[in-house]
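As structure tokens, the structure follows; a few thoughts come after it.
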Amino acid sequence: QVQLVESGGGLVQPGGSLRLSCATSGIIFAIYTLGWYRQAPGQEREFVAQITPGGNTSYADSVKGRFTITRVNPMSTVWLQMDALKSEDTAVYYCRATFPNLNHWGKGTLVTVSS
């Protein structure tokens, strides 16, 4: 059974940092592209960042320079380091694992940026 479990969300002040993690099981982690997406209240889910099996990364313009995605294949885990957080980063953050014809999502973790 495939599982993606996000953790690390919470309440943080503007300018602060959080580190999200996504622990996976039931997939051959090393061959998947791993991504983070987010959905703010009343808005559609949007891309945040992704990392390929080869370690190539890409980011949404809104988070470039502030967020960093990393993966550790032996741990089957992907992280999202979020720095210089802004109120507009408030959202539920979802982990996604993709491979041709395969697509798995976690249930999300809530990040609230507020003073």
Can you pull out every residue in region 5-41 that is open to solvent by 50 Å² or more (accessible area, probe 1.4 Å), at pLDDT below 95 and part of a loop (DSSP other than H, G, I, E, B)? Gly26, Ile28, Pro41
Answer with yes or no whether Val2 is over 15 Å from Thr98 (Cα atoms), open to solvent by less than 60 Å² (accessible area, probe 1.4 Å), among the aliphatic types (A, V, I, L, M) and out of contact with any helix residue (DSSP H, G or I) (no Cβ under 7 Å at 6 or more places or on another chain). no
Contacts under 6 angstrom Cβ, first residue in region 47-69 being in contact (Cβ under 8 Å) with a residue 24 or more places away in the chain and within 13 Å of Tyr37 (Cβ to Cβ), partner open to solvent by less than 60 Å² (accessible area, probe 1.4 Å) and in a loop (DSSP other than H, G, I, E, B), 6 or more apart: Val48/Ala60; Val48/Val63
Note down all Cβ pairs under 6 Å where the first residue falls in region 96-112 and is at negative phi, the second is basic (Lys, Arg), and they're at least six residues apart or on different chains. Trp105/Arg96
Any chance Val72 is without any contact (Cβ under 8 Å) to a residue 60 or more places away in the chain, touching an Asp or Glu at 6+ places or on another chain (Cβ under 9 Å) and within 19 Å of Leu34 (Cβ to Cβ): no
Name the residue that is farthest from Glu44 (Cα to Cα), counting only residues in region 72-110 that are open to solvent by 30 Å² or more (accessible area, probe 1.4 Å) and acidic (Asp, Glu). Asp83
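The values are calculated or read from the model by the stated rules, or taken from the named source; none is laboratory data. What you are looking at is a predicted structure, and each value in this text was computed from that prediction instead of being measured. Cβ: placed from backbone, ideal geometry, glycine included. Neighbour counts: every protein chain shown. When the accessible area is computed, the model is the full protein with side chains, heavy atoms only, and any ligands, DNA or RNA have been set aside. Shrake-Rupley method; radii C 1.70, N 1.55, O 1.52, S 1.80 Å.
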